[in-house]
1. Project the alpha carbons of the range 6-297 onto their principal axes and report the range along each, largest first, in whole Å.
2. With each pseudo-label sitting 7 Å past Cα toward Cβ, what's the residue 174-residue 153 distance in nm, one decimal?
3. Tell me what the chain gives for mean residue ellipticity at 222 nm when only DSSP H runs of n ≥ 4 count, each as -39,500 (n - 2.57), the sum divided by the residue total, rounded to 500 deg cm²/dmol.
4. So if each residue of separation counts as 0.36 nm, and I subtract the Cα-Cα distance between residue 164 and residue 202, what length gain in nm does that give?
5. Rounding to the nearest 20 debye, state how big the charge dipole of the range 1-91 is about its Cα centre with +1 on each Lys and Arg Cβ and -1 on each Asp and Glu Cβ.
6. Pick from 234, 162, 287: which is most flexible by mean-square fluctuation in a GNM of the chain where alpha carbon atoms under 10 Å apart are linked?
7. Using modelled amide H (1.01 Å from N, peptide plane; none on Pro or chain starts), what sits under 5 Å from the amide H of residue 297, excluding residues fewer than 5 places away?
8. Given the options 288, 205, 165, which has the most mean-square fluctuation in a GNM of the chain, springs set between C-alpha atoms less than 10 angstrom apart?
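Nothing in this text is a laboratory measurement; each read-out follows from the coordinates by a stated rule. Just so we're clear, the structure is a prediction, and the values are computed from it rather than from any experiment. Cβ: placed from backbone, ideal geometry, glycine included. Neighbour counts: every protein chain shown.
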Amino acid sequence: MRATWVRPVLVANLVAQILIIVTGGIVRLTGSGLGCPDWPTCAQGSLTPVAAQAEGFHKFIEFGNRTLTGVLVVIAALSLWAVYTHFPRRRGMVRLAWFVILVIIAQAVVGGITVWTGLNPVIVAFHFLASIVLVAAATALLRGADDGAVADRRAPVVHPWAVRLGWLAFGLGFVVMVLGTIVTGSGPHSGDADTPARTGFDPRLVSWLHADVVMLFIGLALATLVAIRLGQGAGSATELAKARSSWHMVLVLTAVQGLLGYVQYFTGLPIVIVGTHMLGAALLAMALTNGTLNLYRNPV
């Protein structure tokens, strides 16, 4: 029997991965990306902010984000312990738990490179996308925990076309997020209030391209849901209902994200809307990963 603390730990792991995206967004949107102008120290050889720094309140925002990375490592280590304790025979779960820890550590190094390169927009984009990958991995861990200590082989519960469409939507969803980072890196919110670093692309052009790919993504997500509903899958009524529900959530979050995208575009990119849009991206990554995994029985 699985201990009652296992699922809360895995939920905390996922929530923490989403929160680091939110705090990272706050760093960027407040121009605090170089609030700690050095790495791994903050400034003047000190790991914490010092009074003599010229960065003002920015140093506290950036240091707070760095501190949360340590919290992530602790929670990820607890998640690894939970997996080894209760799912030792689930090799997929064990690999995922290790993957989360290793990527968090790599993320800390990428954060340092981001500082050293003066917030190069390509490195900043990679930093965000790696966090999206961590959200997906943490979601997969949580979903895998539903299948017990010993799980059978992975098997589709929906029609094969629904599986193919779901994976296409999953891949295109990642492309949407890549384009989203290019849009942000081309706009005013570069992460540094004094010397913005931008990609050099026309913000309007990349925004249009981003919106066009979102439309294609919506079509694929809708087609996946239709295929789940109309196809003859091998899953039980409960499994099929779970798959439908998760893809409904994907479509709802996509609609909300689309609305936020248009609002921020036509209102001059206010930081509250942009920050909410970043949170929405993390939630969409979670929903899309969950929806894709729910196309299978024992997916992890």
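1. Computed over the Cα atoms, the extents are 65, 47, 23 Å.
2. 2.5
3. Here the helix-only value at 222 nm equals -25000 deg cm²/dmol.
4. 10.3 nm
5. Its charge dipole is roughly 680 debye.
6. 234
7. 155, 157
8. With Cα springs under 10 Å in the chain, the top fluctuation among 288, 205, 165 is at 205.
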